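The values are calculated or read from the model by the stated rules, or taken from the named source; none is laboratory data. These numbers were taken from a predicted model, which means no experiment stands behind them. Cβ coordinates were reconstructed from backbone atoms using ideal geometry, including for glycine residues, and neighbour counts include every protein chain displayed.
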Amino acid sequence: MRIAVIGAGGVGGYFGARLAAAGHEVSFLVRGIQLEALQTNGLSVRSGRGDLQLDKVRASDDPEELGPHEVVLFAVKAYAIDGALAPLTSLLGSDGWVLSLQNGGVAPSDRVAAAVGVERTVGGAAYISAHLRAPGVVEHTPGPAGIAIGELDGGLSERVEAFAALAQAAEIDVEVSADIRTALWGKLAFICALAGATATSRVPIGEVRSGEAGQALLHGLVSEAAAVAWADGAALDLDYVEKTIGLLNSLPPGMRSSLYEDLANGRVMELDSLHGEIVRRADALGVAVPVTRTVLAVLEPSARAALTPRTSEGG
C-alpha cells in the first residue's frame with residue numbers, strides 16, 4: 001500500500017517506520033532539519049518492541065513530488081493542523097483517505113473532515129508514548145504502541161478493516177471502533193489526566209500516583225473529562241473512570257506525556273487542544289471542571305511563552 005505520513009515526529013515516525021519495515025511504500029512529508037536527516041541518515045526507531053533502522057527513506061518537502069497515496073497518516077500536533085491541510089489535496093489519490101491521529105478528542109478529526117470531506121476522513125487515536133529525540137531518531141517509551149480507528153459517522157467499513165489488518169501485520173496494535181467518537185473522547189480524558197498530572201508536577205507518572213494528592217489529581221482530571229464527554233453524548237462505559245484510573249496506575253512508572261516533554265524543552269504545547277478543549281466544551285455544556293481549569297491556568301503561561309520568539313539580550 002502507498003502510505004504518506006504528514007508529521008514525522010514521535011507518532012508519525014514510529015507508525016510510518018513500522019509500516020515501511022513491513023514492506024509498504026511509505027513517504028514522509030517533512031521539512032528543515034528533519035528532512036535533511038531522513039534523506040541523509042534514514043529513520044531510526046528505538047523501542048522495546050524492536051529497534052528499526054531504515055537507511056533509505058522516501059522524504060520530501062514537496063507534496064507534488066511525493067504524489068498520490070491510498071492513505072495519508074495525518075500525525076501533526078493539533079496546533080499545526082491548519083497549516084498542514086493544504087498538502088492533502090496532492091497526497092490523496094482518487095480513492096485515498098486520511099487517518100487523523102491527533103490528541104484533542106473529536107475536534108481535530110472534524111477539522112480534517114471539514115477540509116477533505118467526512119467520506120475521506122477516518123478518525124484515529126494513538127496510544128503510544130513516542131518522542132523525537134533527535135532529527136531522524138524516534139524513541140518509544142515502554143508501554144502501549146497502538147491505535148484505535150473508525151469511521152467518523154460510525155459503523156464498520158471495509159477500508160478500515162483492511163488497514164487494521166495490514167497495520168497489525170506491521171506489529172502495530174489496532175482496535176477497530178464502530179463508535180470512534182466515543183473512543184476519541186475516552187482518549188482525550190485519559191491523555192488529559194496523564195498530561196496534566198505529569199506536566200504540572202514535572203515528574204513521571206510513577207511519582208505522581210505514589211501519593212494521595214497525585215491520585216486525587218488523576219481522579220479529578222479523569223472524572224471531569226468523562227463528565228463532559230457524557231454531557232456531549234459520548235457513550236463511555238459507566239465504569240470508565242475506574243478503569244482509566246486503573247490503566248494510569250499500570251503504566252510504566254517512568255512514562256511522561258508529550259505535553260511534559262514539550263514543556264521541559266520549551267516547545268509549543270498542545271495545552272489548548274487538550275485541557276483548553278475540555279474547558280471550552282464544559283462551559284458550553286454547563287459542566288463544572290475546577291481541576292482541569294486549574295491545570296490549564298498553571299500551564300498556560302508556559303504554553304504562551306513557548307509561542308513567543310526568543311530574542312538575544314540587548315536586541
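Scanning the range 153-162 for residues that are at pLDDT 95 or above and either charged (D, E, K, R) or under 18 Å from Trp185 (Cβ atoms) (or both) returns Glu158, Arg159, Glu161. Scanning the range 257-285 for residues that are crowded, with 21+ Cβ neighbours inside 10 Å and either in contact with a Ser or Thr (Cβ under 7 Å, 6 or more places away or on another chain) or not in a helix (DSSP H, G or I) (or both) yields Ser257, Tyr260, Leu263, Met269, Glu270, His275, Ile278.
The residue of the range 135-151 that is nearest to Asp262 (Cα to Cα), among those that are surrounded by fewer than 19 Cβ atoms within 10 Å (Cβ to Cβ) and free of Cβ contacts under 8 Å to residues at least 60 places away in the same chain, is Pro144. From the list Ala37, Ala8, which residue is buried (at least 23 other Cβ atoms within 10 Å of the Cβ), of a type outside the set (Phe, Trp, Tyr) and closer than 30 Å to Ala303 by Cβ? Sole residue among the options that is buried (at least 23 other Cβ atoms within 10 Å of the Cβ), of a type outside the set (Phe, Trp, Tyr) and closer than 30 Å to Ala303 by Cβ: Ala8. Modelled with pLDDT of 95 or more and either closer than 28 Å to Arg256 by Cβ or acidic (Asp, Glu) (or both): does that describe Val222? Yes, satisfied.
Which count do you get for residues in the range 246-256 that are in a helix (DSSP H, G or I) and more than 15 Å from Glu224 (Cβ to Cβ)? So the count comes out to 4.
Scanning the range 170-182 for residues that are aliphatic (A, V, I, L, M) and either surrounded by 24 or more Cβ atoms within 10 Å (Cβ to Cβ) or part of a strand (DSSP E or B) (or both) turns up Val174, Val176, Ile180.
Among the residues in the range 26-41, are any over 27 Å from Ala148 (Cβ atoms) and of a type in the set (D, E, K, R)? Within the range 26-41, one or more residues are over 27 Å from Ala148 (Cβ atoms) and of a type in the set (D, E, K, R). Would you mind stating whether Leu236 is at pLDDT 95 or above and not basic (Lys, Arg)? Yes. The single condition among (1) over 22 Å from Gly186 (Cβ atoms); (2) in a helix (DSSP H, G or I) that Lys243 does not satisfy is (1). Look at Leu217 and say whether it is surrounded by 12 or more Cβ atoms within 10 Å (Cβ to Cβ), of a type outside the set (Gly, Ala, Ser) and part of a loop (DSSP other than H, G, I, E, B). For Leu217, the condition - surrounded by 12 or more Cβ atoms within 10 Å (Cβ to Cβ), of a type outside the set (Gly, Ala, Ser) and part of a loop (DSSP other than H, G, I, E, B) - is not met. Quickly run through the range 55-83 and pick out the residues that are modelled with pLDDT of 95 or more, surrounded by fewer than 19 Cβ atoms within 10 Å (Cβ to Cβ) and closer than 19 Å to Gly32 by Cβ. Arg58, Ser60, Asp61, Asp62, Glu64, Glu65 - these are the residues of the range 55-83 that are modelled with pLDDT of 95 or more, surrounded by fewer than 19 Cβ atoms within 10 Å (Cβ to Cβ) and closer than 19 Å to Gly32 by Cβ. Gly276 passes every criterion in (1) more than 24 Å from Ala126 (Cα to Cα); (2) modelled with pLDDT of 95 or more; (3) among the small types (Gly, Ala, Ser) apart from (1).
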